[in-house]
Every structure is written in structure tokens, then in C-alpha cells.
Amino acid sequence: MKVKLRRLQNGDKSLLYHFRNLKEIIENSLSQRKVSWNEHQRWFSQVALSGYCLAFVIFADGVPAGHLRVEQDRKYFILGELSMYLLRKYRNEGVGSLALEQGVDMVKWEWPFLKSIHIRTVSSTALRFFEKNKFEVSRRGAKEECWRAIRQVD
Ligand SMILES: CC(C)(COP(=O)(O)OP(=O)(O)OC[C@H]1O[C@@H](n2cnc3c(N)ncnc32)[C@H](O)[C@@H]1OP(=O)(O)O)[C@@H](O)C(=O)NCCC(=O)NCCS
């Protein structure tokens, strides 16, 4: 499958709202809940399209298949947090690995000062995916409700 990332645009607001509230996306999200349109609109303009975020729509064979973004830590600019998801029908065919490598390359190009990217996930499948893609799993604290992993990018 041909995989391409395109920078997020204003016109993607409804698409991402639709993706974000699908059951198959919610069940792997950190919050595990739906978001309202108002909440989404605020997040879209204040986070997704802000200078602290590099956000993309993932296309598989020319069709929107998911979303990937890296948010820069507002205190430690050399750190970024990556989040990504694919619609279920595009999983387990290598799309995620290709999208991740393209995303990391774009982030390195746009933010050459970035040293590492970390992820948080509640999904053990996703954790295995990141482990296979050069992320190192950090220990899950007793009080933590998610796993963490980190990848050096400098
Ligand atoms: C995590 C996620 C993005 C991974 O994407 P993906 O496209 O499923 O990942 P890949 O297909 O690249 O790799 C997963 C499996 O497919 C296999 N695979 C890789 N290339 C393949 C190909 N060309 N054909 C068939 N299978 C392939 C991999 O070996 C891997 O299998 P394994 O772990 O059993 O060895 C996706 O599962 C997802 O959207 N999950 C829900 C959201 C989520 O949990 N996000 C993480 C929080 S940030």
C-alpha cells in the first residue's frame, strides 16, 4: 500500500472529529471517551494547528486512513510526544510503520533541535509496534495507567 503524510489543514477539522470519535479509535485512546464538537474545535485550533504541533493526515493509497502528530513539550523544547492512529481496516499491513518513519523524518526536518520522541499508550499491541520501530519501553510505574516508550531522533 502507498503511504503518504500530508500536513493537517483547516479543512481537516470534520475528518479528524469523525476519526476521533469512532469506537475503534476511542478504545485505544488515553482518555477512553468521546469529545464534543466544541472541545474538538478548541483542540484543533489551539493544539493541532499551533506552532507546538506537527500534525498530519495519513493517506493509504490516496485515502485518508489515520492521523499522526508530534507535540513539542512547552518546557523542554527538545522533547516531543507522538500520537498516531489508523482506522482498523488499515492496521497490520505495514501502513503504521511507513507512516511512523515518514513522520519522524518530517519532524527531524522541521525541528532539527529535537532529541527524542516519546509515546504513551494503553494498548499492548501498540506498545509492541513501537518497540519494533526503535522505541525503548520505559518501566510502567505502579500508579501509571499507560505504558511509555521513547526513541532518540537526533
Ligand atoms: C499502532 C498502530 C498505529 C500500528 O499501525 P499498523 O499499521 O497496524 O502497524 P504495522 O502494520 O506497521 O505493524 C503491525 C504488524 O503488521 C506487520 N506488518 C508489517 N508490514 C506488513 C506488511 N507489509 N504486510 C503485512 N503485515 C505487515 C508487522 O510485522 C506487525 O506485526 P507483528 O507485530 O505481529 O510482527 C495501529 O495499530 C493503530 O492505529 N492502533 C490504534 C491506535 C493506537 O493504539 N495508537 C498508539 C497510541 S499513540
Counting just the residues of segment 63-83 that are of a type in the set (A, V, I, L, M, F, W, C) and part of a strand (DSSP E or B), which one comes out farthest from ARG120 (Cα to Cα)? VAL63
For segment 26-66, which residues satisfy the criterion of being without any contact (Cβ under 8 Å) to a residue 24 or more places away in the chain, more than 13 Å from ARG6 (Cα to Cα) and among the hydrophobic types (A, V, I, L, M, F, W, C)? ILE26, VAL35, TRP37, TRP43, CYS53
Can you pull out every residue in segment 86-144 that is among the aromatic types (Phe, Trp, Tyr), assigned to a helix (DSSP H, G or I) and more than 10 Å from the ligand (Cβ to nearest atom)? TRP109
Entirely in segment 6-62, the helices (runs of 4 or more DSSP H) that have 2 or more residues that are of a type outside the set (Phe, Trp, Tyr) and under 18 Å from TYR90 (Cα atoms): 13-20, 23-26
For segment 118-154, what are the residues that are surrounded by 12 or more Cβ atoms within 10 Å (Cβ to Cβ) and of a type in the set (A, V, I, L, M)? ILE119, VAL122, ALA126, LEU127, VAL137, ALA149, ILE150, VAL153
Going residue by residue through segment 69-77, is there one that turns out to be of a type in the set (Lys, Arg) and touching a residue at least 24 places away in the same chain (Cβ under 8 Å)? yes
Top-ranked residue of segment 16-34 - restricted to ones that are crowded, with 17+ Cβ neighbours inside 10 Å and among the hydrophobic types (A, V, I, L, M, F, W, C), ranked as nearest to PRO112 (Cα to Cα): LEU16
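No value in this document is a laboratory result; all are computed from the given coordinates. Please read these numbers as outputs of a predicted model, since none were measured by experiment. Here the Cβ is made from the backbone with ideal geometry for all residues, glycine too, and neighbour counts use every protein chain on show.
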